[in-house]
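Bear in mind that the values in this text are calculations on the coordinates, not laboratory data. None of these values were measured; they are calculated from a predicted model. Counting neighbours? That spans all protein chains shown, and the Cβs are built from the backbone with ideal geometry, glycine included.
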Amino acid sequence: MGSKTFPQDNAATLVSGVITPSAGISAVPDRWRDWAETLLVFALFEAVLWTPRSMLHGLVIALVVASVVWFSFRRNSPVELGLVWPAGDAAGILTIGVLVAIGIPVAAILTGHPVPANPGWPKFHNLWPYVIWAFAQQFLLQSFFFLRLESLVGARWAVAASTFLFTLAHLPNMALTVMTVVGALFFTEMFRRYRSIYPLGIVHALLGTAIAYSFPDSLMHHMRVGLSYWRF
């Protein structure tokens with residue numbers, strides 16, 4: 001019964017940590033939506049990686065981009081998506097990234113491997129598409145997958161689950177897959193703390209460039225994944 005002095009909502013609400021019927025009913029569709037969007041986009045992304053270049057391949061790429069953009073901006077603000085410079089200290093993220101990016105070619109040289117490892121690839125003036133791709137990967141990993149998984153399993157488990165999906169997408173390139181486990185854990189944990197993809201995109205581009213120049217194509221296959229790895 002509602003009080004005339006303190007009007008009550010007729011709808012059921014979350015009281016003392018107990019989900020009442022109306023709250024539960026609204027929560028179920030949200031969870032199904034998060035699972036559906038996550039699985040759909042991951043399936044489409046895998047289809048891009050495992051289909052040969054064709055009109056169908058181009059169509060699937062367009063579907064991935066359209067789905068990620070539509071699902072993301074339909075429900076999240078730019079701040080929630082990490083499209084802001086972190087309010088916290090990003091210097092630590094950038095420092096770690098720069099040091100590791102420098103350390104990779106230094107370690108290659110110290111172990112007797114030439115740098116660049118592959119004559120003629122990658123060409124320095126052609127690196128700008130990879131910079132864009134690095135930021136796009138961080139948006140997909142953090143702003144799309146992590147945010148949905150966070151709402152489903154909580155922030156801590158979402159770090160592990162997002163890392164698993166990101167790592168799975170780098171098969172069958174085993175060398176790159178192993179590196180991705182470490183990299184994705186770092187990237188996702190930093191996003192969990194600071195909620196910005198900008199420093200992560202910078203570090204991703206630096207690390208990817210360092211790996212490309214330091215590891216031979218016999219191992220990395222031009223850093224390809226999916227079907228193109230076998231067709232290198």
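Quick one: order Glu80, Glu37 by neighbouring beta-carbon count within 10 Å, fewest to most. Write down the numbers at each step before the final one.
Numbers: Glu80 13, Glu37 20.
So the ranking, lowest neighbour count to highest, is Glu80, Glu37.
Hey, could you get me the Stokes-Einstein D for the range 91-197, Kirkwood radius over alpha-carbon pairs, 4 °C and 1.567 mPa s, rounded to whole µm² s⁻¹?
Diffusion coefficient, whole number: 84 µm²/s.
The HN-Hα couplings worked out from phi for the range 32-45 by the Karplus form 6.51 cos²θ - 1.76 cosθ + 1.60 (θ = phi - 60°) are 4, 5, 4, 5, 4, 5, 4, 5, 5, 5, 5, 5, 5, 5 Hz, whole numbers, x standing for Gly and Pro. Could you tell me how many degrees, from 0 to 90 and to the nearest 10, lie between the Cα long axis of helix 198-214 and the main elongation axis, the longest principal axis, of the Cα atoms of the chain? Between helix and principal axis, roughly 30 degrees.
Rounding to the nearest 10 and keeping the result within 0 to 90°, find how far the Cα-based axis of helix 128-138 lies from the longest principal axis of the chain. Around 30 degrees separate the two axes.
In the frame of its principal axes, the range 14-230 has Cα extents of 66, 44, 26 Å, reported largest first.
Could you sort the peptides 87-99, 188-200 by per-residue average Cβ neighbour count (10 Å cutoff), highest mean leading? Walk me through the numbers before you get to the answer.
On the way: 87-99: 14.2, 188-200: 21.8.
Most protected by this proxy first, the peptides run 188-200, 87-99.
Among Ala160, Ala117, Ala107, the largest mean-square fluctuation in a Gaussian network model of the chain (Cα springs under 10 Å) belongs to Ala107.
Just to confirm the number: angle between the C-alpha axis of helix 55-75 and the first principal axis of the chain, 0 to 90 degrees, nearest 10? Tilt of helix 55-75: around 40 degrees.
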